[in-house]
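> First the structure, which I've put down as structure tokens, then a few questions once you've had a look.
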Amino acid sequence: MNHFPVIAIDGPSASGKGTVAQKVANQLGFAYLDSGALYRLTALAAQRAGVLWTDEAAVAELAAKLDVVFVGESILLSGDDVSVEIRSELIGSGASQVAALPAVRVALLQRQRAFSEKEGLVADGRDMASVVFPHAQLKIFLSATPEVRAQRRFKQLLARNEPADLAVITADLQARDERDRLRSVAPLVQAADAYLLETSNLSIEAAVNQVLLWWRDKSTKTL
Ligand code: CDP
Ligand code: CDP
């Protein structure tokens, strides 16, 4: 079991997990785990291998064997830079489909725990607090209204010069949220001992500062 410092940040799509987690990790000098990227990479690997996202045994085998390297902002899959490709809405949807398969979650569990480092880790995803790092010293559930989250994704796509249709994004987010919240294994849920951080009206800086405040408070009491 992990005894290194861990901050676990969970929440629905576009609640700001990745942005806030990376900034907190930078400020504290901690490592960062983007667990969603592993599910996205698994969906992409399956697509490339011609394996259906519903084929549990075959997808789990691919997940166990993923050849992934994280280099700064880049993510390499079998040596190929897929950092942009895995961020598409299609791969996001594929990720939430493969993430509902129990054998796939088992295949990725140790890989996620291996990101723990002596200096500390900030991990973001859906089940960081509940399953992967249940002993995390600080657990946070980020939220924002569906409208705010859809707007954020919309702006992200526009900034990347990608086609963006607010109605399609809203429907995709809703479908993914439902799949993530209702699945039988490791559903998206606020852990009983997690702080809720509602970010609809909060700047990124304010959200980061709140996490750092909680961390300092915990550190002085328990670490
Ligand atoms: O990782 P997750 O899908 O939860 O969200 P993200 O990719 O970190 O954030 C989605 C977008 O919302 C990014 O463009 C962030 O800059 C933006 N954001 C925001 O405007 N206000 C916040 N408090 C948090 C994120
Ligand atoms: O950035 P965004 O929040 O949209 O998605 P992500 O964090 O990259 O995760 C993509 C999908 O992977 C999610 O919709 C979840 O179904 C799944 N996932 C998961 O099941 N467990 C995690 N710890 C992280 C992601």
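Every number here is computed from the coordinates shown, using simple stated rules; none is lab data. Note that the structure is a prediction, hence the values are computed from the model and not measured. Note: ideal-geometry Cβ built from the backbone for every residue, glycine included; neighbour counts use all protein chains shown.
> What number does the stretch 79-214 give for Rg over Rh if you use C-alpha atoms and the Kirkwood radius?
Using Cα coordinates only, the ratio equals 0.96.
> Which cross-chain or sequence-distant (5 or more) residues have an amide H under 5 Å from the amide H of residue 7, H modelled 1.01 Å from N in plane?
Here the answer is 121, 122, 123, since their amide H atoms fall under 5 Å of that of residue 7.
> Farthest toward the dipole's positive end in the chain, which of 135, 146, 173, given Cβ charges of +1 (Lys, Arg) and -1 (Asp, Glu) about the Cα centre?
Ranked along the dipole, the leading option is 135.
> I'd like the Karplus ³J(HN,Hα) series for the stretch 170-183: coefficients 6.51, -1.76, 1.60, θ = phi - 60°, whole numbers in Hz, and an x wherever there's a Gly or Pro.
Karplus-based 3J(HN,Hα) across the stretch 170-183 equals 4, 5, 5, 4, 5, 5, 5, 4, 5, 4, 5, 7, 9, 5 Hz.
> Same structure again: Over the stretch 22-107, consider all pairs of different Cα atoms and compute the Kirkwood hydrodynamic radius from their mean reciprocal separation; express it in Å, one decimal.
Computed over Cα pairs of the stretch 22-107, the Kirkwood hydrodynamic radius comes out at 13.2 Å.
> If each of residue 22 and residue 193 carries a label point 7 Å out from its Cα toward its Cβ, how far apart are those two points in nm?
Label-label distance for residue 22 and residue 193, simple model: 3.0 nm.
> Can you list the HN-Hα couplings for the stretch 23-29, worked out from phi with the Karplus curve (6.51, -1.76, 1.60; θ = phi - 60°), rounded to whole Hz and with x for Gly and Pro?
Rounded to whole hertz, the list is 5, 5, 4, 4, 5, 8, x.
> Okay, next question. Place the peptides 103-112, 52-61 in order of packing, highest mean first, counting for every residue the other Cβ atoms within 10 Å and averaging per peptide.
103-112, 52-61
> Of all the C-alpha pairs in the stretch 169-223, what % are more than 14 Å from each other?
The answer is 71 percent, as a whole percent.
> Still on this model: Could you calculate the contour length gain from residue 158 to residue 216, that is, 0.36 nm times the residue separation minus the distance between their Cα atoms, to one decimal place in nm?
Between residue 158 and residue 216, full extension yields an extra 17.2 nm.
> Hey, another quick one. For residue 197, list long-range residues whose amide hydrogen, built 1.01 Å from N in the peptide plane, is under 5 Å from its own amide hydrogen.
It is 141, 142, 143, by chain and number.
> Let me ask something additional. Which entries in the list 155/218; 23/218; 139/221; 65/139; 17/221; 23/118 go over 27 Å, if you measure between the two C-alpha atoms of each?
Cα-Cα > 27 Å for 155/218; 65/139; rest within.
> Also, I was wondering about something else. Across the stretch 117-125, in residue order, what do the Karplus-derived ³J(HN,Hα) couplings come to in whole Hz, using 6.51 cos²θ - 1.76 cosθ + 1.60 with θ = phi - 60° and x for Gly and Pro?
Values per residue, Gly and Pro as x: 9, 3, 5, x, 9, 10, 10, 10, x Hz.
> If I take every Cα pair under 8 Å that is 6 or more residues apart in the stretch 126-223, average their sequence separation and divide by the length, what percent do I get for the relative contact order?
Once divided by the residue count of the stretch 126-223, the mean separation gives 41 percent.
> Okay, next question. I want to check the label-to-label distance for residue 113 and residue 67. Put each point 7 Å from Cα in the C-beta direction and report it in nm to one decimal.
A separation of 2.7 nm, rounded to one decimal place.
> For a quick protection proxy, order the peptides 36-43, 76-83, 171-178 by their average other-Cβ count within 10 Å, most packed first.
36-43, 171-178, 76-83
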